[in-house]
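**Q** Sending over a structure as structure tokens; questions will come in a sec.
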Amino acid sequence: MAHPATPLPRNGLLVFQRLKRRHCAECRTGPLQMLVLEDGAPRCLDCADLGHLVFLPRGDTALTRRAREESALSAVVVRFNRRKSRYERQGVLVEEAGLARAEERCLADAEARRRRRMRDARRRAQEDVRFVEAFAAEIRRLFPGCPADRAREIAMHASVRGSGRVGRSAAGRALSEVAVTSAIMASVRHVETPYDQLLMSGVPRHEARRRITAAVETTLRGWRTGVSEVG
Ligand SMILES: [Zn+2]
């Protein structure tokens with residue numbers, strides 16, 4: 001049954017999934033789904049003293065490794081692939097209690113990963129809050145005339161995670177004056193000028209921007225020099 005030219009997995013016991021209809025050389029049961037070769041003769045798992053093991057199909061590397069670690073007795077199950085002319089691992093036979101312990105360890109890992117993800121999400125949320133506050137403070141420092149709630153709104157809008165907007169860029173992270181100013185300009189454009197109406201009425205974007213440039217600059221100048229207004 002074992003192809004002489006084909007290397008077999010070397011570590012541990014080997015169990016073969018059936019290729020031909022074979023019966024146990026000892027107890028004659030069969031045809032056998034899985035068999036062990038002893039001196040070239042097929043034995044059923046019971047006669048090979050492996051009948052108490054359970055089959056764990058391949059696919060979950062961590063579970064397989066741990067199930068073998070947790071089992072005093074285990075075997076590798078292989079099947080001959082005729083097309084590729086080699087034996088391929090199908091899974092392992094392990095002790096049921098060992099498999100249960102391995103599953104518990106993997107579940108504990110999954111639970112630990114879940115808790116870590118939650119901690120990460122909480123930390124990112126805190127970072128977001130801190131970032132918005134810092135951004136708003138920088139807006140108010142550069143533009144003292146900008147109303148406080150407006151500064152906060154701009155900072156929140158600019159820092160929406162994953163939006164690719166200015167607040168998330170490296171420059172925004174660094175709270176550079178350019179980044180803060182461009183976030184403010186974007187907001188002023190939409191709120192303090194007829195930019196959106198121009199776009200809606202079909203004015204090309206560059207032309208719309210050109211028409212509102214003066215209005216944006218007036219507002220920015222006022223905010224830059226103005227005293228703090230009540231938001
Ligand atoms: Zn047998």
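Read-outs throughout are calculated quantities, based only on the coordinates presented, and are distinct from any laboratory measurement. Source: prediction; values computed, not measured.
**Q** Quick one: grab the alpha carbon gyration tensor of the stretch 13-94, order the square roots of its eigenvalues as a ≥ b ≥ c, and give me rounded if a/c is under 1.5, else prolate or oblate depending on whether a/b is larger than b/c.
**A** oblate
**Q** Under the 0.36 nm per residue contour assumption, what length would be gained going from the current alpha-carbon distance of Glu217 and Asp149 to full extension?
**A** Gain in length upon complete extension: 22.4 nm.
**Q** One quarter of the convex hull surface, Cα atoms only: what value does that give for the stretch 122-225 in nm²?
**A** 6.8
**Q** Does the stretch 56-117 come out rounded, prolate or oblate, given a ≥ b ≥ c as the square roots of the eigenvalues of its C-alpha gyration tensor, rounded meaning a/c under 1.5 and, failing that, prolate meaning a/b above b/c?
**A** oblate
**Q** Which percent of the Cα-Cα distances in the chain go past 29 Å?
**A** Counting pairs separated by more than 29 Å, the tail of P(r) holds 58 percent.
**Q** Still on this model: Do the sum for the chain: with -39,500 (n - 2.57) for every DSSP H run of n ≥ 4, divided by all residues, what is the mean residue ellipticity at 222 nm, to the nearest 500 deg cm²/dmol?
**A** -16000 deg cm²/dmol
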